Structures are given as structure tokens and as C-alpha cells.
1. With outside any loop (DSSP other than H, G, I, E, B) and of a type outside the set (A, V, I, L, M, F, W, C) as the only criterion, which of GLY507, GLY517 stands out?
2. Can you tell me how many residues within region 515-545 are surrounded by fewer than 19 Cβ atoms within 10 Å (Cβ to Cβ) and without any contact (Cβ under 8 Å) to a residue 60 or more places away in the chain?
3. Could you count how many residues in region 411-430 are among the aromatic types (Phe, Trp, Tyr) and under 16 Å from GLY401 (Cα atoms)?
4. Report yes if THR237 is over 28 Å from LEU382 (Cα atoms), of a type in the set (Ser, Thr, Tyr), touching a Gly at 6+ places or on another chain (Cβ under 7 Å) and assigned by TED's automatic domain parsing to the domain that holds SER348, otherwise no.
5. Considering only residues of region 319-349 that are assigned to a strand (DSSP E or B) and of a type in the set (S, T, N, Q), which is nearest to GLU240 (Cα to Cα)?
6. Of the conditions (1) surrounded by fewer than 20 Cβ atoms within 10 Å (Cβ to Cβ); (2) free of Cβ contacts under 8 Å to residues at least 40 places away in the same chain, GLY256 clears all except one; give me its number.
Amino acid sequence: MRDDRAPALRFLLTVAVFCLGSAKTSTADGACGPLPPPSGNVIDVGPGQVAQLSGIVAAADSGDTIRLADGYYPLQGALLAFTTPGVTLRSLSGNRGAVVLDNNYQGGDLIAVAASGVTIADITVTRAYYHPIHVAPWNGAVENTLIHNVAVVDPGQQGIKINPNAGFFADNGVIRCSRIELTDQGRPNIRDGCYTGGVDGHRSWGWRIHDNEIAGFWCPTGLSEHGIHFWTGSRDTIIERNTLTNNARAIGFGLGLDTPGRTYSDSPCPGVTTAGHFRGIVRNNFIVANDDRLFDQGSGGFDAGIALEQVCNAEVVHNSVFSTRAPFSSIEWRFAGNAGRIANNLVSHNLRPRDGASATLAGNLANAPASLVVDLASAGDLHLRSDASAAIDQGVVLPAGIADEDIDGELRGAAPDVGADELGGTFADVPRSHWAWAFIEALSRAGVTSGCATNPLRYCPEGTTTRAQMAVFLLRAREGGSYTPPACTVPTFTDVPCSDPYSAWIGELAARGITSGCGVSPPLYCPSSTVTRASMAVFLLRALLGGGYAPPPASGDFDDAPPADPFAAWIEELAARGVTSGCNTNPPRYCPASPVTRAQMAVFLVRTFSLPM
């Protein structure tokens, strides 16, 4: 028997997989946490009531929360029109991927917000013929819309549209912690010459778009709208801490010259009456283009990471824009007038003024190599590498309040890094100025250490390393941060009973032939003794190459480790591998009897096991 539900069920599975993630976590202001429980009247609705949902929304009173049970809601073109102020639509579970409202490209819009104080949260809206969410007045101004933790998937046109209507405007809204995407399944359904995009705002004032993921807005032919776009005289928009991936145009203020738009009586840009966008801030965004299909499309590929067209007095600061092939512009500003400040941006290609435009430029790094960031090609991770010296501490100091924190909510240093990421330190006692900072950070990222103390998190770099601690360091560096050795059942050493938290690690070290302990009758390990630089050489090479490894004979490279010294061959092999250059160069010395500090241990481990820096 033919099952007419099968296509819908397959689509639901696809969308659920796409939306499984919860809201992006923002450390800057905690905004991406769950919404508080409803405080007013709650109307619970299940998938079986999908035919009544439009009427339930229309009948809701101010303060009501419509709470959707998990499931698939095939709306079949029905419009959910919010015309009463202060109504909320959210899921019961808080899992946006578990509640899917699908219009199957029927009707027009899916959700219309025509009243102030409306909240849409924790759901998925998909396959609207036009816009899954359309914020536009019907008979009065619309203010304070909140779109929180919503997945907007495969719109027919723009994912979230913000329009004026009948002389009224939609102002002071927030779109946060959401994911807006055009997928490969949805792309063939785009019409009208690739008339699609993520967020598209007209003549709007004071919107904040933050902590979102926006991806995939491009077409095989035709140039799509932007991932985030505010124009026709919009004003004071803040676009921050978003990740935009593989959009033909990522972020835009304005479009074209002398486009009819909104005017303001208070002259936000003195002497400027017509602008595509007045003022506004674009800061701390990651913009990535790494899909070859984007560059191969008939429209000409990746057009611009950030574009300002007839814009006055904007702030475009601390953004990272990287693409695997050349765009038309990484950042561009166009048309006569002062576009504003463009500062401390890290871009893989060009900064381009066009058509007589001017701007104040400072601290930008153009044509930056991908080697400065963690992973452009596959993961699209634009966080700085610890060895990105061309960007670290190279920015200019901006006025307070412009970009005090980075994309992760971490405070910027006195000498700020270029780009959206401020490469902060993990440990309170290891500032970036510490000589072993990069090695300690690498050790932490690899999961080899979690420090020596908490509140605040500390590493104790000048503390010594015990033989017990070294067992853990070696095995985690060798096997990975998640490695756990077999449990201790019979003690290997009499001074390390199975009740000792280090017993399994020490026993595994002995089982691999890396150590035979510090005494034989009885067998002892001396777990609390300090590791010396001489014994460290043996431990490292045996951990790397196996317990049966023996180094070539010593030749006397260090004055304080002559060939007759039983550790000399191990020390010289460690030096030959570039792990150490000793403790002094003239004369060359190794200081074999000196204790190994935790800072030195980090260097030894990172170099021996080639841990990523």
C-alpha cells in the first residue's frame, strides 16, 4: 500500500538531523541559555492540533504562551499571524529540532509578526513559499520582536524578512542563537533569479543580530542576497558574534546608490539625508567560504564578506573573513562619503574601496594566510592559532564599548589581536608573555592537562613535576587526552597501591617498559619524587619509541653529560630530535640533575609527541 506520509517523514528526519544542536552558547552575556519558564497563561498544543494552530495563534491574548509538543506540524500553507502584542510561540522541550513547522512551499509566509513584544523560540520553521518568519506592521509600529534558538531552513525567499508597512516600521528586534540555512535540498526551490538570503531588513532601526549561524545562501546561477542584510535607510543595527559559512554575500549594510529609504529627524549622520544604512556596528563575526561549489556558481562565486554601500559612520571592527579562493572583496565600502571605521579585521584577501568611497582604516591585516587560523579548509574554524604572530597583539586600541570582548566573550588585551578571536590564556598564572605559554596552551588543548588548581584555573608553571604526574603526562601525550589506562588489580610497585589514583597510570608505564621504577628490592617507583632532566630524556624516548628502544652511543655534546654518564646517550638523542637545546649554550650544558618544571614539561611533551601548536 502506498504511504503518503513517507516523503514528509523523510523530510522530518532530514530537518531533525540538521537541527539537533541546541542554541549556540554565548559566553559574552549568557543570552543563548534557555528562556525562563512561561509566567502567564500557557496553551499546550500537539501535532494532532495542527489544523487548529492558526486559529489558536489568532485567538491568543497578550501574555499567552503557545507551547508546542515535540513533533511534525505540516501546516500546508497556513499562516500563523501574530497580531496581538506580547504573545510567545515556543516548544515545550526547548529542543528546536524536535518541533518542525513545515509549509511545504505552499501559501505565502509561515509566521507573520505584526504586533510588538512577540517571541518565537525553540522551534524549526521550514519551506515557506516566501519567508518562514516575516516581521512587518499591519496597523501600528512593531517593536521588540525576539527570535531565539530558531532553526530557519530552506526559505523560498529570505529566511527572516523585516519590512515597514503602511507608514509603520519594525524596530528594536533581536535575532539570536539561531541557525538559518539554505540546504542542498532547498536550493532548487529558489525562484526569481536567486532571490534568497538569511536576514533581510528594510528601513528598520535598532535591530541586534547575534550569536547565529547562517549558511548556504548561494545559487548555481544568480547572485543571492546576503546572509545578514540591512538597507534602505536602516539604522543602528548591531551584527555581532555570528558565524556565516558559504554565503555568496555574508553581511551587508546598504545596497546601491540613492535607494529610497527611511529618514530621521535627529540626523544620525550630520549632513547626510539619504543613506543605505546609518551608523551601525559589525563586529566579532567569523565569515567563511570554503565550499568549491560556491566559487564555481554562475554568478561569479563569493562576492563579499562584508559590504558597505552608501553607508555613513559605521563601525566594522574585529571580524575574520577567510575564503579558500579569492572573493571579489573580503571587505568593501562603496560610494562617496565616510563609511566609518574599518579596523582590526583579519581577512584572507582584499580590502576594497569602490566608487569614491572613504573610510578610516587602522589595524587591519589583509591577504592573511590560512595558517593563522585553526582550520579554514574543513571545519571553517577561524580562531587564531597560538603561533599566529602576525595577528596576535597587532591590532589598534579602539574606544571603550566598540569591541571590548571577542567572538567568545573573552576580554581583549591591552594590545588587541586582529580579527574576531582574542587568543586568551587558559590559565590565570600563564599570561601570553610567559616564555612557555604556547606550549602550555597546546598541552591543554590536547587534553593532556587540566592544570594544577581551580578558581581561578592555574597551571603552576614553575612547580616541579613528580614521577606520578609524569606517568599521566606521558600516556595522555602519547595516546590522546581521553586515554584511560587499564585499572590496577595487582600493584606493580609496593609504594603505589591500587588505591593510589596514579596506580593505573604508573602500572601501564611499567607494562610498556617505559620505567622499571626507582628500586628493585622491594620494587619501588618513588611517585612523589621530582623528575630530573636526565630521567626525563629516558622517559620521553621510551614513551615515544617503545620500552626496548636504545639510543646511539653518546659523543659528549654537553659538558655536564660526558659520554660515560648513563643518561648521556638519551640526552643527546633528545637534542638531536630538536626536543631540547640544553640549559646553556656557552659552554653547552644540559643541567641533567635539575628538576623538570611544569613549564619545561610542556615543551618536552609538545616537541616529543608533535602536539599541535
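The values are calculated or read from the model by the stated rules, or taken from the named source; none is laboratory data. Because the structure is predicted, anything quoted here is derived from the model rather than measured. Methodologically, a virtual Cβ is constructed for each residue, glycine included, from the backbone with ideal geometry; neighbour enumeration extends over all protein chains shown.
1. Working: GLY517 fails: outside any loop (DSSP other than H, G, I, E, B).
Matching residue, one of GLY507, GLY517: GLY507.
2. Number of matching residues: 10.
3. Number satisfying all stated conditions: 0.
4. On the way: over 28 Å from LEU382 (Cα atoms): no; of a type in the set (Ser, Thr, Tyr): yes; touching a Gly at 6+ places or on another chain (Cβ under 7 Å): yes; assigned by TED's automatic domain parsing to the domain that holds SER348: yes.
It is false that THR237 is over 28 Å from LEU382 (Cα atoms), of a type in the set (Ser, Thr, Tyr), touching a Gly at 6+ places or on another chain (Cβ under 7 Å) and assigned by TED's automatic domain parsing to the domain that holds SER348.
5. SER320
6. Every condition holds for GLY256 apart from (2).
Each row is one residue, and each column tells you yes or no for (1) surrounded by 21 or more Cβ atoms within 10 Å (Cβ to Cβ); (2) not aromatic (Phe, Trp, Tyr).
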site	(1), (2)
PHE302	yes, no
GLY305	yes, yes
ALA314	yes, yes
VAL321	yes, yes
SER330	yes, yes
LEU346	yes, yes
ARG354	no, yes
ALA368	yes, yes
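Residue-by-condition table, conditions (1) crowded, with 16+ Cβ neighbours inside 10 Å; (2) at pLDDT 95 or above; (3) closer than 16 Å to CYS526 by Cβ:
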site	(1), (2), (3)
ALA453	no, no, no
LEU475	yes, yes, no
GLU479	no, yes, no
ASP500	yes, yes, yes
GLY507	yes, yes, yes
